[in-house]
Amino acid sequence: GLKQELFHRHKEAQQCCRPHNLPLLRAAQQREMEAVEQRIREEQRMMDEKIVLELDQKVIDQQSTLEKAGVSGFYITTNPQELTLQMNLLELIRKLQQKESESKNAFS
């Protein structure tokens, strides 16, 4: 939205500009557009970092909950190999639960 608004403002300024000032105006507008694009990239990077930190916290919360519940193989860790193992354990638990509910429905 910010970029679109800037583009329209630049276009209006170019239409009102005298021909001999047009190169200077375009150069200034180019610098302004680059600054806005840099700001957008920086804000996107900060948002991405925030999301990753929130996801990391969710993983830690999940590990802690499962550890407190006594589920074997779960404890707080950031080791990628151990995280992969925990994800595989969760997937196995999910599949076993799914099969169990399917077999209950078959006998109902």
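Observations, loosely collected:
- A dipole drawn for the chain from +1 and -1 charges on Cβ atoms has a positive end, and of GLN29, LEU2, GLN63 the residue lying farthest that way is GLN29.
- Taking the chain as a Gaussian network of alpha-carbon nodes connected by springs under 10 Å, the highest mean-square fluctuation of the residues GLN29, GLN15, GLN86 belongs to GLN15.
- Per residue, the chain reaches -30000 deg cm²/dmol at 222 nm when only DSSP H runs of four or more residues are counted, each adding -39500 (n - 2.57).
- Ordered by 1.4 Å accessible area with all protein chains kept, MET33, MET47, MET87 run largest first as MET87, MET47, MET33.
- Cα centroid separation, the stretch 1-53 to the stretch 68-100 (Å): 47 Å
- Note on the stretch 1-69: Kirkwood hydrodynamic radius from all Cα pairs is 15.4 Å, rounded to one decimal.
- Accessible area of the stretch 1-69 belonging to carbon and sulfur atoms, whole % at 1.4 Å probe: 57 percent
- Heavy atoms of the protein chains alone define the surface here; on that basis the stretch 1-79 has 82 Å² accessible area per residue at 1.4 Å probe size.
- When the Cα positions of GLY73, MET87, GLN38 are compared along the charge dipole of the chain, GLN38 comes out farthest toward the positive end, with charges on each C-beta of Lys, Arg, Asp and Glu.
The values are calculated or read from the model by the stated rules, or taken from the named source; none is laboratory data. Keep in mind it's a predicted model, so treat the numbers as computed, not measured. Neighbour counts are summed over all protein chains in view; Cβ atoms, including those assigned to glycine, are modelled from backbone coordinates with ideal geometry. The protein model used for the area step is the full one, side chains on, heavy atoms only, and it has no ligands, DNA or RNA in it. Shrake-Rupley method; radii C 1.70, N 1.55, O 1.52, S 1.80 Å.
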